[in-house]
Structures are given as C-alpha cells and as structure tokens.
Amino acid sequence: MQSDFTLYGINYSTLGRKVFNVEVFRCKKIMEVKMYYLSREFTFDAAHRIVNYQGKCEKLHGHTYRLKVTVAGKLGDNGMVIDFAIIKKVVNEMIIDKLDHCYLNDLFENPTTEIVTHWIYMTLLPVFKKYGCTVHEVSLSEGANNTVTFRGDDNERHTE
C-alpha cells in the first residue's frame, strides 16, 4: 500500500513493498526536477597537423583524446533520462568508430580541437533528440592538459 511522508522537508512516497526489509520509496521531489545532466567519457587515438600554423603542431603528430559527452533531459517514468548503454552505443557508432586511429586531416580541412569538438556536438545533437534528450556539452581533451568545451545555445539545442 502506497503512503506519503516527509523527511527533512522532502516529500517521499512509499511504493508499498520492501527490499531487504527496507521500505522501497520514491522521492517525489526528484520527479519534479526540471533537468538532469548525464555524462560519459571515451578515449580515442588520432593523428593530425594544424594547417596555416607556425609551430610544433604544424607537423604531423598524434594524441590520445579524451571525450566527455554530457546529455540533458527530464526524468522519465522509469526513473532515467536515458540509459547509459544508449549513450555509449550512439557515441561509439557516430564518433569513436570514425575518429579512432585515423588521420583527422582526411576528415577536416583544419582539424583543430575546437573544430573537431563542434563537429562532434553537431553530429550527436539530432541523434539524442530522438531519445528525448539533448546534448548539453561536449568536451574534448587533447592530451592531459588541453581541453575544449562546446555548448550550443538554447535555440540550437531545443529546435526541432
């Protein structure tokens, strides 16, 4: 039998069953939160050279890139925004499989980290919309010390 109670000013609803002799409950306040942000990290290796640049990076070189994709959405009736397995599958198929162990200059005219980060964001945006969430931000780290983060504006994220 379902019942409601308040603890530290937060309304909870019991679900009328016990697991390991503890009452199972759902926090009603959690269901009211407007937006959740879920992140998953990936790595890939790629080579590139920066065009129209004078310095070490104009020469062919490679990096182990760290990619962090953050999606945003509302909590569904199942208690999730999106399954992390879906995030993993989408990013691996749409991004990692294309960029891992490739020469980025074959894919981009001038593969700066900024340009690649923006491409990743724009590639993922329509796919995650199909799952009822949006891409909040994409961060791409080139080695251990340099990171670019791209966040689209609200119009870009929420237009159909």
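General remarks:
- Count - residues of the range 63-84 that are at pLDDT 95 or above and of a type in the set (S, T, N, Q): 2
- Residue that is surrounded by the most Cβ atoms within 10 Å (Cβ to Cβ) [pool: residues in the range 76-114 that are part of a helix (DSSP H, G or I) and of a type in the set (S, T, N, Q)]: Thr113
- Residues of the range 14-62 that turn out to be closer than 23 Å to Ala85 by Cβ and either modelled with pLDDT of 90 or more or in contact with a helix residue (DSSP H, G or I) (Cβ under 6 Å, 6 or more places away or on another chain) (or both), as a count: 10
The values are calculated or read from the model by the stated rules, or taken from the named source; none is laboratory data. All values derive from a computational prediction rather than experimental measurement. Neighbour counts run over all protein chains shown; Cβ positions are idealised from the backbone, glycine included.
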